[in-house]
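Novice: Structure in structure tokens, see below.
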């Protein structure tokens, strides 16, 4: 059974629209993260949450907003989508170290 | 500035060969090092980690890595590769900042191709 669920697996959006990427973890971890992987850049850290509180934000744009409705959920809302936002977005979780990753959501913005 | 570099973008070997995938970092403080594997179209799978103690750490599927403070390196090795080891390997480093390890900084990845 998958321990970190990301939905949807694939997502196509038009420029200017808004999408929410879902992440749920069933590992009992207290920390959750978002990373982005694109063709132009290596895997890059976006956000980290611990006990549903934002710990670190390395995303320059406010268009990216994490949302934690439950302690095992960390969704990512992206507004005013741009073609440069096209990437695979990975959710991860940890109880200390190491971090474990979900299968990713591949977002394509047309 | 903390950086992670993987000098080889591609490595090609034959099944049964040994392989070393290199990772170097730049940072003078406490660090936590790890390796992940990503098969095509999949998520990242954790292989192994090092923070302190024995500088040689064993991971899954026969992988091991050796930490060298003098060389600022954490190279990954396997004695005899299998075709199923073909994947992209990422070195990831977490730097101790503000009293905690938080984000992972990844290298660009090394694509390992194992030929039958």
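Novice: Most fluctuating residue of B:59, B:29, B:41 in a GNM of chain B with Cα springs under 10 Å: which is it?
Specialist: Among B:59, B:29, B:41, the largest mean-square fluctuation in the Gaussian network model of chain B belongs to B:41.
Novice: Just tell me how shielded A:40-49 is by partners: mean number of partner chain Cβ atoms within 10 Å of each residue's Cβ, no decimals.
Specialist: On the way: counts 0, 2, 8, 11, 4, 7, 1, 1, 4, 0.
Across the residues of A:40-49, the mean count of other-chain Cβ atoms within 10 Å is 4.
Novice: Another question, if that's okay. Whole number please: convex hull volume per residue, Cα atoms of the protein assembly as shown, in Å³.
Specialist: Value for the protein assembly as shown: 130 Å³ per residue.
Novice: Which residue fluctuates the most in chain A, going by a Gaussian network model with Cα springs under 10 Å, if the choices are A:94, A:50, A:62?
Specialist: Highest fluctuation among the options: A:62.
Novice: Is chain B rounded, prolate or oblate when judged by the Cα gyration tensor, a ≥ b ≥ c being the square roots of its eigenvalues, rounded requiring a/c under 1.5 and prolate requiring a/b larger than b/c? Show your work: numbers first, answer last.
Specialist: On the way: a/c = 2.00, a/b = 1.73, b/c = 1.16.
It comes out prolate by the Cα gyration axes.
Novice: Another question about this same structure. Can you give me the relative contact order of chain A as a percent, contacts being Cα pairs under 8 Å and 6 or more apart?
Specialist: Working: 266 pairs, mean separation 40.4, N = 110.
Contact order relative to length: 37 percent.
Novice: Here is a further query. For a quick check, take a GNM of chain B with Cα springs below 10 Å and name the residue from B:86, B:26, B:94 with the largest mean-square fluctuation.
Specialist: Largest GNM mean-square fluctuation: B:26.
Novice: Under 8 Å for C-alpha pairs, at least 6 residues apart: give me the relative contact order for the stretch A:54-110, rounded to a whole percent. Can you show the working numbers first?
Specialist: On the way: 64 pairs, mean separation 14.9, N = 57.
Relative contact order, the stretch A:54-110: 26 percent.
Novice: Over the Cα atoms of chain A, what Rg and Dmax result, in angstrom?
Specialist: Taking only Cα atoms of chain A, I get Rg and Dmax of 13.0, 38 Å.
Novice: Hey, another quick one. For the stretch A:1-71 and the stretch B:37-116, compute the distance between their C-alpha centroids and round to whole Å.
Specialist: Centre-to-centre distance over Cα atoms comes out at 23 Å.
Every number in this text was worked out from the coordinates using simple rules, so none of it is lab data. Here the structure is a predicted model, which means the values were calculated and not measured. Neighbour counts run over all protein chains shown; Cβ positions are idealised from the backbone, glycine included.
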